[in-house]
1. Quickly run through segment A:221-236 and pick out the residues that are crowded, with 18+ Cβ neighbours inside 10 Å and either without any contact (Cβ under 8 Å) to a residue 24 or more places away in the chain or not aliphatic (A, V, I, L, M) (or both).
2. Only one of (1) among the small types (Gly, Ala, Ser); (2) surrounded by 13 or more Cβ atoms within 10 Å (Cβ to Cβ); (3) away from every other protein chain (no Cβ under 14 Å); (4) more than 30 Å from A:Gly64 (Cα to Cα) is not met by A:Ala324, so which one is it?
3. Of all residues being open to solvent by less than 50 Å² (accessible area, probe 1.4 Å) and facing chain A (nearest Cβ under 8 Å) in segment B:238-253, which is nearest to B:His23 (Cα to Cα)? Just the residue, please.
4. Name the residue that is nearest to the other protein chains (Cβ to nearest Cβ), counting only residues in segment B:52-68 that are more than 17 Å from the chain's Cα centre (by Cα) and among the hydrophobic types (A, V, I, L, M, F, W, C).
5. For residues that are over 16 Å from the mean Cα position of the chain (by Cα) and crowded, with 23+ Cβ neighbours inside 10 Å, scanning just segment B:131-145, find the one that is nearest to the other protein chains (Cβ to nearest Cβ).
6. Just to check your reading of the model, which residue among A:Glu56, A:Glu74 is part of a helix (DSSP H, G or I) and open to solvent by 60 Å² or more (accessible area, probe 1.4 Å)?
7. Is there any pair with a first residue in segment B:88-103 that is over 15 Å from B:Pro215 (Cβ atoms) and open to solvent by less than 10 Å² (accessible area, probe 1.4 Å) and a second that is at pLDDT 95 or above and of a type in the set (D, E, K, R) whose Cβ atoms are under 6 Å apart and which are 6 or more apart or on different chains, and what are they?
8. Pick from segment B:173-191 the residues that are assigned to a helix (DSSP H, G or I) and farther than 20 Å from B:His230 by Cβ: which of them is least open to solvent (accessible area, probe 1.4 Å)?
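The values are calculated or read from the model by the stated rules, or taken from the named source; none is laboratory data. Being a predicted model, the structure only gives us computed values, none of them experimental. With ideal geometry, Cβ positions are generated from the backbone for all residues, glycine too; neighbour counts draw on all protein chains shown. Side chains included, ligands, DNA and RNA excluded: accessible areas come from the protein's heavy atoms. Shrake-Rupley method; radii C 1.70, N 1.55, O 1.52, S 1.80 Å.
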Amino acid sequence: MYAQMIKSEATQDDPEKLAAFQVRIDAGDKIEPKDWMPEGYRKTLIRQIGQHAHSEIVGQLPEGNWITRAPTLERKAILLAKVQDEAGHGLYLYCAAETLGVTRDELTEMLLDGRMKYSSIFNYPTLTWADMGAVGWLVDGAAIMNQVPLQRTSFGPYSRAMIRICKEESFHQRQGYDIMMKMANGTEAQKRMAQDALNRMWFPSLMMFGPSDAESVHSEQSMSWKIKMNGNDELRQKFVDQTVPQAEFLGLTVPDPDLKWNETKGGYDFTGPDWDEFFDVLRGNGPCNKERLAARNKAWDDGAWVRDGLMAHAEKKRAAKLAAE
Amino acid sequence: MSTADPYFDFLCRMGDNTLILGHRVSEWCGHSPVLEEDIALANIALDLIGQTQMWLGLAAEVEGKGRTADDLAMLRDVWDFRSALIVEQPNGDFGQTLMRQFLFDTWHLLMLQGLTKSCEPRVAEIAAKAVKEVMYHVERSGDTVIGLGDGTEESHTKIQAALDLMWPYVGELFTPDAVDEAMLAAGIAPDLTEMRKTFEAQVSAVMAEATLTIPDSRFAHKGGKSGFQHTEHLGHLLTNMQWLQRAYPGANW
């Protein structure tokens, strides 16, 4: 899940309009940018889509960390294509957010000065090549778990962005698993890398779904507006149930001694992540928070002259064209 | 400095240029000035790495010693690389990256257009695929050079400095040596001296629109495509690129 802990904004709109809006949502209508919508719906969506977009952008960094060191030409090409897809997802999502009356530059500035967040997972380091497998397998796997239902979300542009994104994400997940297969069936050192990647990425992946529903006080309004489709615990359970057999197939051990199949509930019992660690990461104390934000700030600051130059040129061309008419 | 087979050397030149430049461009991932540039740079790097697979794949076949494209990319040391000096130049600022790209792209497109008429059908085939991608590269890098040259005073100053810095690396691309002459004589590759005339016309037109001044010097660094004397930068680039293959020999990735 790329958007975590999105608080629903309070809304103070005309109760009649609100009721009519809810009828449209309940009937499964898609809300389009020009339609009336409650202020809280608009603001919550800006936060959610914006955070999702930022996650795609910051998410380039941990994978970009390995593009130059990819072990073969084919792996390098696949990773480049993947990171390019992520940047493309960021672009669709910023466009979807812009239909709600915010600009991409405004969103970017809120990311850079810390007013907006991105997914906690990208504050963890990528230390070996196996991490490229684990990111695809676990991180994209968790993202898909959340994004597939969001294809049915009530806001039209977001729903359409999700449909495109999901197609590419499932391809990424397969690529990640393919790397893990090679590693898990490889040399002793490669097996060790694969297990180490799973050890480090497992709990941060479980955190991607956000804290337990019992503690998520803001979910209810988002669920009724259909901008959140499932509970956090439900999706986390589904992810564990799907992923454990995949780990077994790889011959890897999920780093949870209490993991056990529960026949009665038809799912695994498992240990939840350390939520203190999660909140520390959100507060900026994850292993890579400072580097990630510093890298994005540097890119933005160093690029200012390029953006200004290209804008100035476009303006000159426009003026020249007008003068010629 | 060349190996016994100029055809093998020539194929390595093509593949090493795309490999090293693709590597350099991929270093921008996540760090570029604007999201559209992140996407475009990744796309260009991807095209270049794809072309590398084709050129080095053919080189390995022609060599006939059982090596693969990956072996050539990951297990040769600096002196065996046949890439021109321009592609191993560090990224510098975005202006330097784009100027390096534009100058290389313009050469690359002319070279590939010539190679589509090669008497070696495999070469003509690869060139025909690559030429479609590189037409887009040169259009984009040319437009960006124009935009930055004719943008603000700051962008103009920076992109002019980039042109001054990169220009001495252009000559090597067009100075024929024994390998180039053998390729021309065999009908495999086009005439570099002829190509340079078209290059100068094309580059001059873009620079004029960009309000940039081409340095009044034909001085050219050399030693990349022959492998005689690369810059210090290439060793560091290879250290990074080849690390996994060197640290874990024989592993399957």
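1. The answer is A:Gln221, A:Ser222, A:Trp225, A:Lys226, A:Lys228, A:Asn230, A:Asn232, A:Arg236.
2. (2) is the only condition that A:Ala324 fails.
3. B:Met241
4. Ranking the qualifying residues of segment B:52-68, first place goes to B:Ala60.
5. B:Thr144
6. The unique qualifying residue is A:Glu74.
7. B:Gly95/B:Lys158
8. Within segment B:173-191, the subset assigned to a helix (DSSP H, G or I) is B:173-174, B:178-185.
The next check asks that each one be farther than 20 Å from B:His230 by Cβ; those that pass are B:181-185.
Working: B:Glu181: 109, B:Ala182: 35, B:Met183: 6, B:Leu184: 78, B:Ala185: 92 Å².
Among them, the one singled out is B:Met183.
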